[in-house]
Amino acid sequence: MSNDRDEAFAPTSAASTPGQEWWRTAVIYQIYPRSFADASGDGIGDLPGITARLDSLAGLGVDAIWLSPFYTSPQKDAGYDVADYCDVDPLFGTLADFDEMTARAHELDIRVIVDLVPNHSSDQHRWFQEALAAPAGSVERDRYIFRDGAGADGELPPNNWQSVFGGPAWTRVPDGQWYLHLFDSSQPDFNWDNRIVRDEFLDILRFWLDREVDGFRVDVAHGMIKADGLPDYTPPAEGGSMGGGTATLEPGISDEANDDPPYWAQEGVHEIYREWRKLLDGYAGERILAAEAWVDPLPKVAKWVRPDEMHQAFNFAYLETPWEASALRSVIDNSLDAFSAVGAPSTWVLSNHDVVRHASRLALTAENLQGHGVGPKTPGLPDPVVGLRRARAATALMLALPGSAYIYQGEELGLPEAINLPDEVRQDPTWFRTNGERYGRDGCRVPLPWEASAPAYGFSETGASWLPQPTDWATYARDLQNGVPDSTLELYRSALHQRREHGLGLGEVEWLDGFGPEVVALRTGGVTVVANTGADPIALPEGAVLLASSPLEGNDLPGDTTVWLS
Ligand code: NOJ
């Protein structure tokens, strides 16, 4: 598939005009390396697998890829438990494979963003092993958060904090002290009050910048700094899948200030990003920082992208908004207001490796989706036909909006959540730490189908796959959708190409009224976008059809359908 961009790619060229930088409008495709493409045949995707398939992403029309972690790791949390930040895990290849992948991506005009995991390391990291071997109060322990326990003999955790994955956030070591882990016990939290930790991460940033990466997606960017004294805190009953302050799928994110937990969104984190921003600005080529900050409301998220901090922050409020016109309109307004107030672009996202895929999620209600994942025993399982139809419509709306959009691998194929994974293959620590009460995130991480009739649908030549692919996934395979006009793949390709052609990412939104309460209608960049979230058809306004997420009915726009008109 050819890559039909006309502008030459020059990642190290002089800076663009302010306001026109690449990341303000970029469509960034998330690669989950374990599940993208496996060149070695061991059933786990790898860097050479990515390199071999990059042409298909260029053909799709993405501006950048973001890779979830591929660093040395015992894989207790699928690589978000890093043992060596400056090397590639043999599962995924070598540093030379990384360089080759980056060079190929740049040849194809695709920028490369890597994941940085600064809140915690793996317990196999050299520093943590040194901390375990050293006594209480040592320099080695001070790189992490070790404390004496409560209770007469220190037999109780130092405070009541719970891990995002379930269970206590503290684990005791043989000499009686406890260490903090906001995630799995194999992921000890760093002590960011320690200058040594800060300097180490500056070096890690330099290491990857020198290898020509175009930016970093920063994991748990709302974590890192903890309130003085580590006070007790009891969170609301339901958090998002990553422990954010919002209940997944609650319509309309609250605009009232939340009381932040003493481990999220502490003021001190911003000083760290200011230091990182200065470092990145010293490199040519508009390198970026993108925050994974599960905080709300949106004006608070915008603090991460003030002019001297990061460039982008994920818009999880948008991801959590149901397929409902008034909720969508208000989250779009709130996003544009909040981010433009600090001079940053809004971002838009519907799926990632931590949430139920939107082709399933949009056919669920708030009651059956509580940030716990979806599995065979979830009440009211989603109708796949309704889910896909809504997903296509939601994507068509998202890709028209001004700002930068994130796409998660496989959504361009219309992949649903893999709901029926057998219990014994599940690997998410959430599943284990809650004794199977929460399904967790395996269902959105199943390896991609590339070719309908190849072993493992082309994911791996040997037919191996670290999570089993559902037996009906041949129908979603890329080769069956390539060039097929009504396929989801062609819908994405057309949307991305027309988005560029009409300069959609840069425009503003003008709301159009008069279509009824179930319709989101707007004009941006000379294009009229109408999304019908209801069940009944509505009359289409004037204009030539540029894109339709499902076939139109004469001059009517059917339910769960979005159209772009010139
Ligand atoms: C957010 C990542 O997206 C998720 O996959 C991971 O488990 C946690 N951070 C902990 O690193």
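The values are calculated or read from the model by the stated rules, or taken from the named source; none is laboratory data. Quantities reported herein were computed from a predicted structural model and do not represent experimental measurements. Virtual Cβ from ideal backbone geometry, glycine too; neighbours counted across all protein chains shown. Heads up: the accessible areas ignore ligands, DNA and RNA and are worked out on the full protein's heavy atoms, side chains in. Shrake-Rupley method; radii C 1.70, N 1.55, O 1.52, S 1.80 Å.
Screening the candidates ALA313, ALA317, ALA341 for the property of being open to solvent by 40 Å² or more (accessible area, probe 1.4 Å) and under 30 Å from LEU279 (Cα atoms) yields one hit, ALA341.
In segment 435-480, how many residues are acidic (Asp, Glu), open to solvent by 10 Å² or more (accessible area, probe 1.4 Å) and touching a residue at least 24 places away in the same chain (Cβ under 8 Å)?
4
ASP89 meets the conditions (1) more than 16 Å from the ligand (Cβ to nearest atom); (2) open to solvent by less than 20 Å² (accessible area, probe 1.4 Å); (3) touching a strand residue (DSSP E or B) at 6+ places or on another chain (Cβ under 7 Å) in every case but one. The failed one is (1).
Residues being of a type outside the set (A, V, I, L, M), at pLDDT 95 or above and within 16 Å of the ligand (Cβ to nearest atom): count how many of those fall in segment 284-319. Going through segment 284-319 one residue at a time, the tally reaches 6. Answer yes or no: is there a residue in segment 45-56 that is within 16 Å of the ligand (Cβ to nearest atom) and out of contact with any Gly (no Cβ under 7 Å at 6 or more places or on another chain). Yes, because at least one residue in segment 45-56 is within 16 Å of the ligand (Cβ to nearest atom) and out of contact with any Gly (no Cβ under 7 Å at 6 or more places or on another chain). Scoring ASP354 on the criteria (1) part of a helix (DSSP H, G or I); (2) touching a residue at least 24 places away in the same chain (Cβ under 8 Å) leaves a single failure, condition (1).
Being β-branched (Val, Ile, Thr) and farther than 16 Å from ARG34 by Cβ, is that true of even one residue in segment 456-467? Within segment 456-467 (the criterion being β-branched (Val, Ile, Thr) and farther than 16 Å from ARG34 by Cβ), the answer is no, since none of the residues qualifies. Taking into account only those residues within segment 62-78 that are buried (at least 21 other Cβ atoms within 10 Å of the Cβ) and in a loop (DSSP other than H, G, I, E, B), which is nearest to the ligand (Cβ to nearest atom)? Top of the filtered list is ASP77. Residues in segment 1-48 that are modelled with pLDDT of 50 or more and either closer than 30 Å to ALA454 by Cβ or not in a loop (DSSP other than H, G, I, E, B) (or both): 25 in all. Note on segment 120-160: residues that are within 16 Å of the ligand (Cβ to nearest atom) and either crowded, with 23+ Cβ neighbours inside 10 Å or in a strand (DSSP E or B) (or both) total 7.
A residue that is touching a strand residue (DSSP E or B) at 6+ places or on another chain (Cβ under 6 Å), surrounded by fewer than 23 Cβ atoms within 10 Å (Cβ to Cβ) and on the phi < 0 side of the Ramachandran plot cannot be found anywhere in segment 351-366. Being buried (at least 18 other Cβ atoms within 10 Å of the Cβ) and within 13 Å of the ligand (Cβ to nearest atom) is a property that does not hold for VAL114. LEU116 falls short on exactly one of the conditions (1) over 21 Å from the mean Cα position of the chain (by Cα); (2) under 14 Å from ARG211 (Cβ atoms), and that condition is (1). Residues that are closer than 22 Å to THR562 by Cα and in a loop (DSSP other than H, G, I, E, B) within segment 380-398 comprise PRO382, ASP383, listed in sequence order.
Name the single residue, out of those in segment 175-231 being in a strand (DSSP E or B) and among the charged types (D, E, K, R), that is nearest to ALA96 (Cα to Cα).
Looking at residues that are in a strand (DSSP E or B) and among the charged types (D, E, K, R), I get ARG217.
The residues listed here are ASP99, ASP81, ASP109; of these, the one that is farther than 21 Å from SER351 by Cβ, of a type in the set (D, E, K, R) and buried (at least 24 other Cβ atoms within 10 Å of the Cβ) is ASP81. Annotation: of all residues in segment 172-229 being of a type in the set (S, T, N, Q) and within 16 Å of the ligand (Cβ to nearest atom), the one that is most open to solvent (accessible area, probe 1.4 Å) is SER185. Of the listed requirements (1) away from the ligand (no atom under 15 Å from the Cβ); (2) touching a residue at least 24 places away in the same chain (Cβ under 8 Å); (3) not in a helix (DSSP H, G or I), LYS377 misses just one: (2).
The conditions of being hydrophobic (A, V, I, L, M, F, W, C), closer than 30 Å to HIS311 by Cβ and modelled with pLDDT of 95 or more are not met by ALA418.
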